[in-house]
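Encoded as structure tokens, the structure appears first; notes follow it.
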Amino acid sequence: PMGDIEIKPSGVLRGRTALVVDDQEIIRKMLDKLLLSLGFTEVLQAQDGSDALKMLDRRAFDVIVCDINMDPMGGIDFVRTLRDGANIRFDAKRARTPVLFLTGSAEKDHILSAKGLGVKDYLLKPIDPEKLRARLVKMFS
């Protein structure tokens, strides 16, 4: 549902990799397309937090774009597990991968717990491609 928005790639995003975590396939596909058009070279998709953790076992990403409300493992639990210092599953660099949360609600407690987990930024759904681009550029600048 992006219409004919002309979105330009950004130099700081070129060549980067992203992991998109969302339980809705239509959102994952849209983000995949959007991130590739922003200059990302590779975008992989996970259906929920536990799926994402399995993918992070195998490799690292430059950024994780993650929905908050997912079953069985939602975004907050996913990031908490990823960031957990006692969890020797991931190296420090992987555990600190920047996360951009997507949320369908401006629920303050969600956003606050996300900030407490060191989530870089968040974006309200429906996703505005220009806002997504701006948030990502800021993250890598």
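The values are calculated or read from the model by the stated rules, or taken from the named source; none is laboratory data. These numbers were taken from a predicted model, which means no experiment stands behind them. In this analysis, Cβ positions are derived from the backbone assuming ideal geometry, glycine residues included, and neighbour counts consider all displayed protein chains. We work out accessible area using only protein heavy atoms, side chains counted, and drop any ligands, DNA or RNA first. Shrake-Rupley method; radii C 1.70, N 1.55, O 1.52, S 1.80 Å.
Rolling a 1.4 angstrom probe over the protein heavy atoms, how many square angstrom per residue are accessible across the chain?
51 Å²
What part of the accessible area of the chain, given as a whole %, is carbon or sulfur when the probe is 1.4 angstrom?
52 percent
Specify which labelled value, from (1) 27; (2) 38; (3) 23, agrees with percent of Cα pairs over 23 Å apart derived from the coordinates of the model shown.
So the structure-derived entry is (1).
Across the stretch 75-141, how large is the tail of the calculated P(r) beyond 18 Å, expressed as a percent of all Cα pairs?
Cα-Cα pairs in the stretch 75-141 separated by more than 18 Å: 41 percent.
Under the definition of Cα pairs under 8 Å and six or more residues apart, what whole-number percent is the relative contact order of the stretch 1-136?
Over the stretch 1-136, the number comes to 21 percent.
How many lysine pairs are close in the chain, with Cα atoms under 16 Å apart and the two 8 or more places apart or on different chains?
Step by step, the pairs that qualify in the chain add up to 10.
If r is the Cβ-Cβ distance from residue 8 to residue 109 and R0 is 35 Å, what FRET efficiency results, to the nearest 0.05?
0.50
For the chain, take the longest principal axis of its alpha carbons; what is the angle in degrees between that and the long axis of helix 49-58, to the nearest 10 within 0 to 90?
Around 90 degrees separate the two axes.
What number in nm² do you get for the stretch 1-77 if you take the convex hull of its Cα atoms and divide its surface by four?
5.2 nm²
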